[in-house]
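Just below is one structure, and these are the notes that go with it.
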Amino acid sequence: METEKNQQYQIDYTLLFILFLIAATSCFAIASAQPSLPQKLQSVNFVAKQIQWYVIGIIGIAGTMVIDFDRYKQISWYLYAFAMVLLLGLELKIPGSLVMTIKGATAWYNLPGIGNFQPSEVMKLFLILVLSRIVVNHNEKYPVRTIREDWILLGKIFAACAPPLLLIAKEPDLGNTMVMTAIIASIIIVSGIRWRFILGLTATAVSIGSLLVYIYFNYTDFFKEHILKEYQLDRFYGWLAPYEYETQGYQLRQAILATGSGELYGKGYKHGEVYFPEPHTDFIFTNVAEQFGFLGGSIVISLFFLLIYRMIHIALESNDPFGSYLCAGTIGMFTFQVFQNIGMTLGLLPITGITLPFMSYGGSSLLTYMIAVGFILNVRSRTKKYMFD
């Protein structure tokens, strides 16, 4: 009995150690970016603030692990409804409320004494819970799958995803809309739906993208008015032709220059010479590449590879379907954000407001990531191992 109890509540110290290494790297990178910040931010100790958020995140992990992850399945719809209320509150824009608009996006609440809070961050977590529950319940109800059952499951998934996606896209927040799409895709891939359905969805997505390109070139005014705003299009202009669009391509030009100038070993700690905006948040990887070179950038990428690999290992070991789907959605979220953030700093992808998980300075986003890790650790701690598995 004692052996079974110890197996039931095992802590994955490997995952925690990798997270600790990323946290230490984050604080080191933020400290190295401090001299490059605008003058008005020089007096702010962002390293201390990041450590503070990590401490809060550790408390969040502990709180997440107290409850058996299977209980989250039971309350997932209530959590989802709570996040939807927060998103609807942003849409209503009640005068005198705590709603904030930053850089044209109405996506935050200003909480006195705490700071800015972004509801879309918690919606990502709660959407993972809801989708995992939908898939598990559907597979239990229909153990023998036909085409009809696959269509029903897809309908359930899209019905749950459409409301938050539309509200977040309307804020507008293209970055988190893309992250949530990656979460949905990850869970669909492992849900048991036939691959021809998944390939069909992929073909549909490509067709929609092609249609949007056609509309842009033939009905530009309609596209700018109803699909993407001018400032969102500027990001694509700056990505596709950064040296032709002086203003739109400024961030990417500076990021490429800083990353390339770091060469193999970098310029050294606090010796960043190329100015680019927000080196401690969205462009933290560029700061690492400039000051610590290809070697430093490779270490950061390797740490994220180990983190995601460990999460995949935990997902495969889980003998509870809900836990496996929960891990899959979280893995999809982290993988996409790492790929998108690093890709945009190298010019491989358009620049969005997506941060580099655990590395970039941030409050609500870092807490969200830590709670997501808490879900993974929760699944691992309650995964039983049997002698004849």
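The values are calculated or read from the model by the stated rules, or taken from the named source; none is laboratory data. Treat the numbers as computed from the prediction; the structure is a model and nothing was measured. All Cβ positions, glycine included, derive from the backbone under ideal geometry; neighbour counts span all protein chains shown.
Brief remarks on what is shown
- Qualifying residue in region 88-97 (condition: exposed (fewer than 12 other Cβ atoms within 10 Å of the Cβ) and in contact (Cβ under 8 Å) with a residue 12 or more places away in the chain): yes
- Taking each residue of region 199-216 that is without any contact (Cβ under 8 Å) to a residue 40 or more places away in the chain and part of a helix (DSSP H, G or I) and looking for partners that are surrounded by 10 or more Cβ atoms within 10 Å (Cβ to Cβ) and aromatic (F, W, Y) with beta-carbon atoms closer than 9 Å, six or more apart or interchain, yields L212/F223; I215/F222; I215/F223; Y216/F223.
So that you can scan it fast, the table gives a plain yes or no per residue for (1) buried (at least 20 other Cβ atoms within 10 Å of the Cβ); (2) within 22 Å of G192 (Cα to Cα):
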residue	(1), (2)
V99	no, no
L129	yes, yes
K141	no, yes
D150	no, yes
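- In region 268-287, the residues that are on the phi > 0 side of the Ramachandran plot reach residues that are surrounded by 14 or more Cβ atoms within 10 Å (Cβ to Cβ) and in a helix (DSSP H, G or I) with C-beta atoms within less than 8 angstrom, at least six apart or across chains, in these pairs: G268/Q291; K270/A31; K270/S32; K270/Q34; K270/Q291.
- Qualifying position, being under 24 Å from I30 (Cβ atoms) and crowded, with 24+ Cβ neighbours inside 10 Å, among I376, I351, I371, I342: I351
- Those residues of region 312-350 which are in a helix (DSSP H, G or I) and acidic (D, E), in sequence order: E317
- The helices (runs of 4 or more DSSP H) found entirely in region 220-275 that carry 1 or more residues being modelled with pLDDT of 85 or more, touching a Leu at 6+ places or on another chain (Cβ under 7 Å) and under 23 Å from I342 (Cβ atoms) are 250-261.
- Subset of region 155-198 that is under 30 Å from I351 (Cβ atoms) and part of a loop (DSSP other than H, G, I, E, B) - its residue that is nearest to the chain's Cα centre (by Cα): D173
- Residue in region 23-32 that is more than 29 Å from H280 (Cβ to Cβ) and modelled with pLDDT under 90 present: no
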